[in-house]
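Read the structure below first, then the notes.
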Amino acid sequence: MTTQVAEANTPINPVEPFLRMDRMPHIWCPGCGIGTTVNCFARALTSSGYDLDKVAIVSGIGCTGRVAGYLNLDSFHTTHGRAIPFATGLKLANPELKVVVYSGDGDLIAIGGNHLIHAARRNIDITVVCVNNMLYGMTGGQVGPATPNTAIASTAPYGAFEQPFNLPFLADSCGAVYVARWTSYHVRQMTRAMREAMAKPGFSFIEIVAPCPTLYQRRNRLGDGLDAMKYYKQRSTRKDGASTRDVDIDFQGDIVVGKFIDRERPTFLQAMNHRFTERLGSRYTPYPTGLED
Ligand SMILES: Cc1ncc(C[n+]2csc(CCOP(=O)(O)OP(=O)(O)O)c2C)c(N)n1
Ligand code: SF4
Ligand SMILES: [Mg+2]
């Protein structure tokens, strides 16, 4: 009997301990790519060796914004667009924490775009995972700043006509020290990238192109989640080190994936300590950065 109970309590899936199983079933639609990214993130944590009491996850609002609520970590579900400033405060108040922002393209690049560019510029020591399903999923599939030109969205019935952001180029040009893009098809590469980004001091950014079958796929007559996986498999090309200028995503065009940027730059706190020590000498006690040996 005791053995049976022990067996019943043994998780079948190795990522289960990282999830709040009491909150299942999750809200995501069948075939949605967000769940795949969460599985990869949990796997990245499994192999990272981090003390999970020192890992915090911050999301904004949206279908992707629900991720924080499903992870068995210190989780913060903040207001729309404000995950990055919240994460910045958390990191500065407690530099020992590993802080990960996990949100959607609308949350991070539209309403929260200003925070993204400044956190990258300052090299705040956080990791940002952006699930790019190319529209505002949660609110009904409206056009957003990552919607490819000509793609149909609920507020763009004749096709989007605004120039979309190239997310890796945006993060790179603002100073991010680690920039990668994968799709939800690339589970191993995505997991590795998440692990690398969390280990990298400074502002790291991972874009994950993932399908929204309910709104984006359906309106654009692109099939279901599995069709999206086939498309990602067939039309993605890995180009590590590619210039981020050259990785725009066109509607149903090829998708360049890979690790584009991996550079060294002092984090915000390291730069502050350096400057203050230079000017004040022993009168200044360096602020903890979380990167001390
Ligand atoms: C201040 C404010 N404005 C607008 C909204 C409505 N809203 C909720 S989620 C969302 C967009 C989410 O899009 P994205 O971040 O791409 O997430 P997805 O649902 O696609 O994963 C919007 C506009 C809101 N909650 N708060
Ligand atoms: S609406 Fe789209 S993004 Fe939201 S859960 Fe459904 S498939 Fe995923
Ligand atoms: Mg979105």
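Nothing in this text is a laboratory measurement; each read-out follows from the coordinates by a stated rule. Model, not experiment: these values are computed from the prediction. All Cβ positions, glycine included, derive from the backbone under ideal geometry; neighbour counts span all protein chains shown.
So here's what we get for this one:
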{"quantity": "Burial order of peptide ranges 131-140, 273-282, 35-44 (average beta-carbon count within 10 Å, highest first)", "calculated": "131-140, 35-44, 273-282"}
{"quantity": "Proxy reagent accessibility, fewest Cβ within 10 Å first, across Leu226, Leu45", "calculated": "Leu226, Leu45"}
{"quantity": "Exposure proxy order (Cβ contacts within 10 Å, fewest to most) of Val177, Val256", "calculated": "Val256, Val177"}
{"quantity": "Sparse-neighbourhood loop sites, trypsin sites (Lys or Arg not before Pro) in the stretch 134-233 - DSSP loop, at most 14 other Cβ within 10 angstrom", "calculated": "Arg221"}
{"quantity": "Net dipole in debye of the chain [+1 Lys, Arg Cβ; -1 Asp, Glu Cβ; about Cα centre; nearest 20]", "calculated": "300"}
{"quantity": "Residue (of Ala242, His115, Pro95) at the positive-pole extreme of the chain, dipole from beta-carbon charges", "calculated": "Ala242"}
{"quantity": "Max mean-square fluctuation residue, GNM over the chain, Cα-Cα springs under 10 Å, options Ile208, Ile34, Ile249", "calculated": "Ile249"}
{"quantity": "Derived scalar couplings ³J(HN,Hα) [the stretch 87-99; Karplus, 6.51 cos²θ - 1.76 cosθ + 1.60; whole Hz; x for Gly, Pro]", "calculated": "5, 4, x, 4, 5, 5, 6, 9, x, 5, 6, 8, 10"}
{"quantity": "Shape call, the stretch 1-157: gyration tensor on alpha carbons, a/c limit 1.5", "calculated": "oblate"}
{"quantity": "Value of D in µm² per second that Stokes-Einstein yields for the stretch 151-243, Kirkwood Rh from Cα pairs, at 10 °C (1.306 mPa s)", "calculated": "106"}
{"quantity": "Overall form of the chain per C-alpha gyration tensor (a/c, 1.5; a/b vs b/c)", "calculated": "oblate"}
{"quantity": "Choice from Gly104, Gly60, Gly253 showing the highest fluctuation, given a GNM over the chain with Cα pairs closer than 10 Å", "calculated": "Gly253"}
{"quantity": "Helical contribution to [θ] at 222 nm, DSSP H n ≥ 4, -39,500 (n - 2.57), averaged over the chain, rounded to 500", "calculated": "-9000 deg cm²/dmol"}
{"quantity": "Equivalent-ellipsoid semi-axes of the stretch 13-62, from the Cα gyration tensor, Å, largest first", "calculated": "20, 13, 11"}
{"quantity": "Three-way shape call for the stretch 39-122 based on the alpha-carbon gyration tensor, with the a/c threshold at 1.5", "calculated": "oblate"}
